[in-house]
Amino acid sequence: MNKQITLEQAVEKVQDGMTIMFGGFLGNGSATQIIDAIVEKGVKDLTIIANDTAYDEVAHGKLVSNHQVKKAIVSHTGTNKQTALQKNEGTLIVEYVPQGTLAERIRAAGAGLGGVLTPTGLGTIMADGKDIVTVFLRANIVDEFGNMVFLGTTNNFNPLMATAADYVVVEAEKLVPVGEIAPEHVHASGIYVDGIYVEK
């Protein structure tokens, strides 16, 4: 099965009002070419879920700077001045979540759990519109099935987020044939991956 897609195909499903998760930490390990294409596409009213809002002009921080994000669910924003400015102006909603809790919420979504502590809100209008739709990851080495290897700190949040979405695209630094990655070296399975974009 050939999962390789173009940059255009990677972002064609991204529409106004969507929720998108971004792996990485302060932009390290983020799918930067895909993010740049989303910025260029100009979609707006996005909800982003990430460890942080990166820096003003780095990774998904560019989406914040470009006023394409209406809500950020993150554990840290201190490195992005635009986040603070827009939050204070009332144009950006920031939901701060402790980092461990954020990771657990994402893991729970990937495991099909509606909530970790309580079912409050499930099956009510409070849950309407809260589906996680798309995740963009970046891996150093990806095989043609989508099995991923992350080097160093690029491992942050990427494997966890791969499990928690309906549609997952990985930006690959290097694409290799199936079988070239030893099974014990796979950090996240290609079974979660819908599309692979190879960096240019």
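The values are calculated or read from the model by the stated rules, or taken from the named source; none is laboratory data. None of these values were measured; they are calculated from a predicted model. Counting neighbours? That spans all protein chains shown, and the Cβs are built from the backbone with ideal geometry, glycine included. Remember, those area values only see protein heavy atoms, side chains included, never the ligands or the DNA or RNA. Shrake-Rupley method; radii C 1.70, N 1.55, O 1.52, S 1.80 Å.
Some points to look at:
- Estimated at 0.36 nm per residue, the fully extended path between residue 79 and residue 66 surpasses their Cα-Cα distance by 3.1 nm.
- The accessible surface of the range 69-108, taken with every protein chain in place and a 1.4 Å probe, is 53 percent carbon and sulfur.
- Average accessible area per residue (Å²) across the chain - probe 1.4 Å, nucleic acids and ligands excluded: 49 Å²
- Net charge of neighbours whose Cβ lies under 14 Å from the Cβ of residue 170, counting Lys and Arg as +1 and Asp and Glu as -1: -3
- Along its first, second and third principal axes, ordered by size, the chain spans 50, 37, 29 Å in Cα coordinates.
- MRE, 222 nm, helices only [DSSP H, n ≥ 4, -39500 (n - 2.57), over the chain, to nearest 500]: -6000 deg cm²/dmol
- Calculated FRET efficiency for the pair residue 113/residue 36, C-beta based, R₀ 22 Å, to 0.05: 0.10
- Karplus (6.51, -1.76, 1.60) ³J(HN,Hα), θ = phi - 60°, over the range 43-51, in Hz, Gly and Pro reported as x: 4, 9, 6, 7, 9, 10, 10, 7, 4
- The antiparallel fraction among DSSP beta bridges confined to the chain stands at about 10%.
- These residues, 169, 58, 178, go from largest to smallest accessible area, 1.4 Å probe, as 178, 58, 169.
- Qualifying GluC sites (Glu not before Pro) for the range 17-110 [loop in DSSP, other Cβ within 10 Å: at most 15]: 57
- Sites residue 56 and residue 28 - FRET efficiency at Förster radius 22 Å, r taken between beta-carbons, to 0.05: 0.90
- Within the full protein context, the accessible area of residue 41 is estimated at about 90 Å² for a probe radius of 1.4 Å.
- Using the Cβ-Cβ distance between residue 87 and residue 191 with R0 set to 35 Å, the FRET efficiency works out to roughly 0.40.
- Most mobile listed residue (53, 91, 32) in the chain, GNM with C-alpha springs under 10 Å: 91
- Spacing of the two label points (7 Å from each Cα toward its C-beta) at residue 9 and residue 94, in nm: 3.8 nm
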